[in-house]
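The structure appears right after this line, and notes come after that.
What follows draws every value from the coordinates through simple rules; no lab data is involved. Values in this document were obtained by computation on a predicted structure and should not be read as measured data. Glycine also receives a Cβ, built like all others from the backbone with ideal geometry; neighbour counts cover every protein chain displayed.
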Amino acid sequence: MQPAHHTVRVQGFSLVELLLSMTVLTSIMLMFVGLLDQTQKTWEYSRTQISQFREARLAYDIISKNVSQATLNAYFEQVDSRGRRASDFTDPKDFIPKEFQIQSELHFKTMQANELIVNGMTPGPGHALFFQAPLGSTSEEAYGPLTNLLNGRGYFVAVGSDADYSPLFVRSISPPKIRYRLMEFLPPTEKNQVYAAAKEATATNGKTTDRAKWITVPLAAPRNAGTLRPLAENIVAFIVSPREAVADTGRATGVSDMAALIQADTESTARVAPNYAYDSAMPLDASRWPVHTLPPLIMVTMVAIDETTAMRLEQRYGQQFMKTFIPSNWMQSSGKYQTDLTALIDAFNLESSRTGGVDISYKVFTSTIRINGAKWSVPPEGSAP
């Protein structure tokens, strides 16, 4: 009798099972590929954004550093009943002193950018800022070690060609490029005309047009008298708001009510620069505000776009494309700062979202800079200056 044989059958995968497992595996791989692709696109976008706005960020840091060093070097001097000093008289015996007043030949000024006359350029949206600071900038090698030399500085946005600023080899292979740029006004120490302007203003009874000649004359000169350079490209708006600390408004700083804090912040701009304009050489209030005083705080806001966005907007709306997004009364009242800024951002977002619109890539830089040399003191309401 022969022993019984048991046949062992090996169970394999059926065709249906193989197809099902391959489908599942393919789906998982597609998910991973999609996730990897999305991650790569996000990383590339972030890297591009950082690269595109690096110049704007560096420019903003330069402005913050320089503005914080602004100075007026103010001093007290005797004046007569008409505000004239002894040096204004040919014969010292004619001078009859009445009181001591703060005096300074230096100048700090903020204004609407469209009030400027810049040779070869059109001022852009927002404001302009000009001041004096010990920055030690000079074109004379002999003065190089003197790092605290006094310099004028200024910042504003303008639309113009890069023909005067790009290297010769670039101009030979490509046409001039028209762009919105953040411009820096930087006359060297030996070309600083602030003292001459102050003397001329005194001779003409303190006219602000004369006092600001250290700014206006070089900017209007051919090639801007070599005192202007682009600091950053594709900066489409520059906003400057002089203000005082919230504590100086007389409001309690410990309140938890957000509405009260917003109101206090609004008051800090309303008393100093309600329309963003500030001139240290002129009293803000004829009855109570002293001249030759620096505001303690400057809030600076800068709106930047990338190069791709600039090219597309120029093709769609022309070289001065920001007029499409900004009304003529934009940033005229400091009480409407947040409303105006939000309106610009909403206009950008609307353009990006509408069918056939330009996808606008932008970044808003904003911070409040403390001026170290400010000695802010506000007289009580109703008191004489």
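Per-structure values
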item	result
Karplus 3J(HN,Hα) series, Hz, for region 327-332 with 6.51 cos²θ - 1.76 cosθ + 1.60 (x for Gly, Pro)	x, 5, 9, 5, 6, 9
Derived scalar couplings ³J(HN,Hα) [region 90-95; Karplus, 6.51 cos²θ - 1.76 cosθ + 1.60; whole Hz; x for Gly, Pro]	5, 10, x, 5, 7, 7
Highest to lowest packing among 112-118, 350-356, 84-90, 154-160, scored as the average C-beta count within 10 Å	154-160, 112-118, 84-90, 350-356
For residue 137, distant residues with modelled amide H under 5 Å away	189
Hits among lysines - C-alpha to C-alpha of residue 199 under 27 Å, sequence gap 8 or more where chains match	93, 98, 109, 191, 207, 213, 375
Summed side-chain charge close to residue 72 - residues other than residue 72 whose Cβ falls under 10 Å, Lys, Arg +1, Asp, Glu -1	0
